[in-house]
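These notes concern the structure reproduced below.
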Amino acid sequence: KQEVTQIPAALSVPEGENLVLNCSFTDSAIYNLQWFRQDPGKGLTSLLLIQSSQREQTSGRLNASLDKSSGRSTLYIAASQPGDSATYLCAVHSGGGADGLTFGKGTHLIIQP
Amino acid sequence: NAGVTQTPKFRILKIGQSMTLQCTQDMNHNYMYWYRQDPGMGLKLIYYSVGAGITDKGEVPNGYNVSRSTTEDFPLRLELAAPSQTSVYFCASSVPGGKAFFGQGTRLTVV
């Protein structure tokens, strides 16, 4: 059974810092991996999707990497801003990609102004 | 663009009551999913569907039922509500291998 772990569970940093969120998964036979953002009381917004054949994806100040063989992914946030404060969730699609995502518990990020 | 729409946003049920959580998407996605999110936990998959007329169980299906008569709609039915079903429920949709789009969630309390 696939399990996804996110470290740290919570992180508080001053504005302007670069930071890294970590995600690990137990079964390397994944279809793809997604990073989501969740604001309090809201739904999830997909930030980056990395297919199993890819090593990284970038969107603005966000960069996600994938090392499938070691079961790890990182989300790099450059020049953090207070508006980046949210919970960040990592999720993997195993098998053929149809049978749902397996989520980590998330990293609660606070950017101090 | 509406995306994925869930109704209601909030609901309080008494033990033993039943209800249907509605989910509709306007992106013509074949794949649709229902998840629940409990405090401090990751999302857990309840049911999923790869197309109209096709549904399958996820990790935590007990106490729930689904149907998929159209591409757009994927309702989730709770037949006999129990306190353990107090949670936030999210519906999502995607194309095969694509980004998942989530609704805003339904916060359900069973008392």
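The values are calculated or read from the model by the stated rules, or taken from the named source; none is laboratory data. Note that the coordinates shown come from a computational prediction; the quantities given were computed from them, not determined experimentally. Virtual Cβ from ideal backbone geometry, glycine too; neighbours counted across all protein chains shown. All accessible areas refer to the heavy atoms of the entire protein, side chains included, with ligands and DNA or RNA removed. Shrake-Rupley method; radii C 1.70, N 1.55, O 1.52, S 1.80 Å.
Points to keep in mind about this one:
- Some residue of the range A:92-101 being at pLDDT below 95, more than 28 Å from residue B:39 (Cβ to Cβ) and away from every other protein chain (no Cβ under 11 Å): yes
- Figure legend. Inter-residue proximity from the range A:72-84: first residues among the aromatic types (Phe, Trp, Tyr), second residues surrounded by 15 or more Cβ atoms within 10 Å (Cβ to Cβ) and part of a strand (DSSP E or B), beta-carbon distance below 6 Å, spacing 6+ or different chains. Indicated pairs: A:76/A:63.
Condition check ((1) surrounded by 15 or more Cβ atoms within 10 Å (Cβ to Cβ); (2) in contact with a strand residue (DSSP E or B) (Cβ under 8 Å, 6 or more places away or on another chain)) across all residues:
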site: B:52; (1), (2): yes, no
site: B:72; (1), (2): yes, yes
site: B:79; (1), (2): no, yes
site: B:82; (1), (2): no, yes
site: B:85; (1), (2): yes, yes
site: B:90; (1), (2): yes, yes
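Listed here are the residues, each with its yes/no results for (1) open to solvent by 40 Å² or more (accessible area, probe 1.4 Å); (2) farther than 23 Å from residue B:46 by Cβ; (3) of a type in the set (Asp, Glu); (4) touching a residue at least 40 places away in the same chain (Cβ under 8 Å).
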{"position": "A:20", "(1), (2), (3), (4)": "yes, yes, no, yes"}
{"position": "A:34", "(1), (2), (3), (4)": "no, no, no, yes"}
{"position": "A:69", "(1), (2), (3), (4)": "yes, yes, no, yes"}
{"position": "A:90", "(1), (2), (3), (4)": "no, no, no, yes"}
{"position": "A:101", "(1), (2), (3), (4)": "no, no, no, yes"}
{"position": "A:105", "(1), (2), (3), (4)": "yes, no, no, yes"}
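- Within the range B:39-55, residues that are facing chain A (nearest Cβ under 7 Å) and under 20 Å from residue A:41 (Cα atoms) reach partners that are surrounded by 13 or more Cβ atoms within 10 Å (Cβ to Cβ) and hydroxyl-bearing (Ser, Thr, Tyr) with beta carbons closer than 6 Å, at six or more positions or on different chains, in the pairs B:43/B:35; B:45/B:35.
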